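Visitor: Can you read through this structure? Questions will come right after.
The values are calculated or read from the model by the stated rules, or taken from the named source; none is laboratory data. The structure presented is a predicted model; accordingly, all values stated were derived computationally and were not measured. Virtual Cβ from ideal backbone geometry, glycine too; neighbours counted across all protein chains shown.
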Amino acid sequence: MKSQLVNPNAKFGTLPVFFTALSTIFGAILFLRFGWAVGQVGFIGVIGIIALGHLVTIPTAMAVAEIATNQRVQGGGAYYIISRSFGLNIGAAIGLALYFSQAISVAFYIIAFGEAFDPVIHWLSGWLNIPVFDKRFITIPAMAILTVIMLTRGANIGMKALYWVVAILLVSLACFLMGKSNIAPSEVDLHSTIENNESFFYVFAIIFPAFTGLAAGLGLSGDLKHPEKSIPRGTIWATVAGLVVYVFIAYKLTISASAEDLVADQLIMQRIAIWGPIILIGLAAASLSSALGSIMIAPRTLQAIGADDIFPSQKLNGWFARGRNHDNEPVNASIISVIIAFGFILVGDVNFVAEIISMFFMITYGAICLISLLEHFAADPAYRPTFRSRWYISFVGAVASFWLMFKMNTPYAVLAIILMIIFYFIITHGKEERRGFNKLFRGVVFQISRELQVFAQRADREDWDISWRPFAICISEDTFKRRSPFDIMRWISYRYGFGTYIHFVKGKLNTETDAKSKESLQRLLSLAKGNRSRVYLDTIISPSYTSAIAQVAQLQGISGRGNNLIIFEFSRTEPKTLDDILQNYGMLDSAGFDICILNTGYKGFGYKSEIHIWIKPDDYRNANLMILLAYIIIGHPDWKRSMIKIVSLTHPDELETKKNQLITLIKQGRIPISPKNVEMIPFKYEQDKNEVISNYSSDADLTLIGFNKDVIKEGSDAFTGYPDLGNILFVCANRMKQIS
């Protein structure tokens, strides 16, 4: 936010915030519609409305206090708080909705001001013997006078009037509470309502603007000397005071008049007060004060939005942001605000305008509570408010706000959300780089991930052995030469497993290798972006391949537990990497790793339609792991039309027995392999295994072959005798897996 949004002569303290909020809370709704509400839903119903309203406003007040004590709150009030927490794009979408509700509020309070003249209008009509004239003859001139005052004198005149208004309000409420009614019902019924009464949530929508006072105090943020102190204190004090007074007034109305009288006469309070005219004076004062508060706040919100360059046109932004030289009074934004207010004054329907205001304020309050909730879970070190709410309080406020929106008026709620979405896309167009929500959301995800990792790490390890899944890690320095190992990792990680892909940068850690590592990581991320990869990507700098493997073997997996499978890769045309891999077999085997070595050939993965699993007499320990890996791989959409074929090299005397064992294993494990795809090949030890496999699987797209520590002694020759096969995945299980 630009510094120009702060009034250089800012001197207001906590009392202006408190009085601005209080004058809105004890406003037109209290005088005009509170008695009507008691008649429609009864005393108990109104208590429910008050409770529901404060279920939204109290969490919002606490969230506002929390966020306001975390940062320097400048001009723009609630908009500033939202945009600096959610980001400018989302904040501005909510801010525009807030601005319209504030500007429309001006019209609402001026219409209510006209209602105060109802007795005078009827008296004049009888005295002059003329028809009752339209109240707009009063409201439009009143709005014009208010406009001239604000455009010429600004917020200072509003503040001076505010103290007198609050005094009148308190006197009028005291006169009402002390009054004795001549129309009191003979028997008090706290559940009494009129026949064919309005629904609870319709009445709630009409009454809710009475609970929106805390937003009025926020709008003065740019004119406060110490907003981080004044906003929390003023809003919380006003909210609590409003709650207490509303309960007393609801009870006073219930015991002072019948439900029918309360609904029939919207100015019923003057018939109960010690001196009736004070209620009309209080209504006029409350309406004018609320209108003053709204007409001071709305332009400041629009000014702040313009100062953030939210609108597509720079000239428009500059025009909205411009203020008077000596006090930064938002004259241009005030002109737009009064035009909107005049438009709704011409409508003249209090209930219609009240519903519109309720909807937009509800969105704003829900957003503020949601921000506070996310900040609690994000655990951002930069978020250090001196006042702390509780996450569950903010959660209740957020849920209540959005739930009540749809209960009040579903079409209006949908329309309000659609408007905000439209605002968001217009604002975001060409300005995608201005993000704040992403940072907040990443913090929340990080915290959830951390908790899940701790939980997973403490889980019973035996459960992982019974229901095996791959927690795989792959290390390669040829990442950008061959894609095959990365493809294997993304297939394994797609649905059933967790994968970490490490690009190896050879050398000592210094400025040059660090820069190379970061550049490689960016290339990796770009590589992964195009194929919806779910692999965690990273780089490692180490002086040798062996030391890199030792480091990688000790890395904690992204799942919250140690990795159990390590994948290497070598090219059929460059088998020298294989020597480094085999030298480290003993270290990895002792660490409990299952080891896979991918041998990439010129055929690659072909059409991804057929996977062959070879089970040899000397490595049955690997069979279950190979079957599980093949099953996991075909779970990826790339292999959706593929099939798995199991081929077993078996002594001629054991063909039928071994086949039945494999088919039983497949059925019990619910592995999608047809019995006809299980083939037993008679094999004697003097035969060349490599030749048999090469001849049979020359058309396979991926071939899985087991190996064990005895094969390691043979060196690279055991892995390079398959020149005509496609890609081969050599698999060595640290111990036999269960297929359950």
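Visitor: On the basis of being crowded, with 22+ Cβ neighbours inside 10 Å, farther than 16 Å from residue 672 by Cβ, touching a helix residue (DSSP H, G or I) at 6+ places or on another chain (Cβ under 6 Å) and modelled with pLDDT of 85 or more, does residue 567 make the cut?
Guide: no
Visitor: Restricting attention to region 460-491, and to residues there that are among the hydrophobic types (A, V, I, L, M, F, W, C) and at pLDDT below 90, which single residue is surrounded by the most Cβ atoms within 10 Å (Cβ to Cβ)?
Guide: Checking each candidate, the answer is 471.
Visitor: Residue check: is residue 701 out of contact with any Leu (no Cβ under 9 Å at 6 or more places or on another chain), exposed (fewer than 12 other Cβ atoms within 10 Å of the Cβ) and of a type outside the set (S, T, N, Q)?
Guide: Criteria not met by residue 701.
Visitor: Now for a different question. Mind checking whether some residue in region 550-565 is in contact (Cβ under 8 Å) with a residue 60 or more places away in the chain, among the basic types (Lys, Arg) and out of contact with any Asp or Glu (no Cβ under 7 Å at 6 or more places or on another chain)?
Guide: Yes, the conditions are met somewhere in region 550-565.
Visitor: From the list 633, 581, which residue is closer than 19 Å to residue 737 by Cα, touching a helix residue (DSSP H, G or I) at 6+ places or on another chain (Cβ under 9 Å) and in the same structural domain as residue 554 (by TED's automatic domain parsing)?
Guide: One residue alone meets the criteria, 633.
Visitor: Looking at (1) surrounded by fewer than 13 Cβ atoms within 10 Å (Cβ to Cβ); (2) modelled with pLDDT under 80, can you tell me which one residue 191 breaks?
Guide: (2)
Visitor: Within region 519-536, is there a residue that is over 23 Å from residue 606 (Cα atoms), of a type outside the set (Lys, Arg), touching a strand residue (DSSP E or B) at 6+ places or on another chain (Cβ under 9 Å) and in a loop (DSSP other than H, G, I, E, B)?
Guide: So far as region 519-536 goes, no, none of its residues is over 23 Å from residue 606 (Cα atoms), of a type outside the set (Lys, Arg), touching a strand residue (DSSP E or B) at 6+ places or on another chain (Cβ under 9 Å) and in a loop (DSSP other than H, G, I, E, B).
Visitor: Let me ask something else about it. Taking the criterion of being within 25 Å of residue 598 (Cβ to Cβ), assigned to a strand (DSSP E or B) and touching a residue at least 40 places away in the same chain (Cβ under 8 Å), would at least one residue in region 695-703 satisfy it?
Guide: Yes - at least one qualifying residue is present in region 695-703.
Visitor: Here's another thing I want to ask about it. Kindly evaluate residue 390 against the criterion of being among the basic types (Lys, Arg), out of contact with any strand residue (DSSP E or B) (no Cβ under 7 Å at 6 or more places or on another chain), modelled with pLDDT under 85 and surrounded by fewer than 19 Cβ atoms within 10 Å (Cβ to Cβ).
Guide: no
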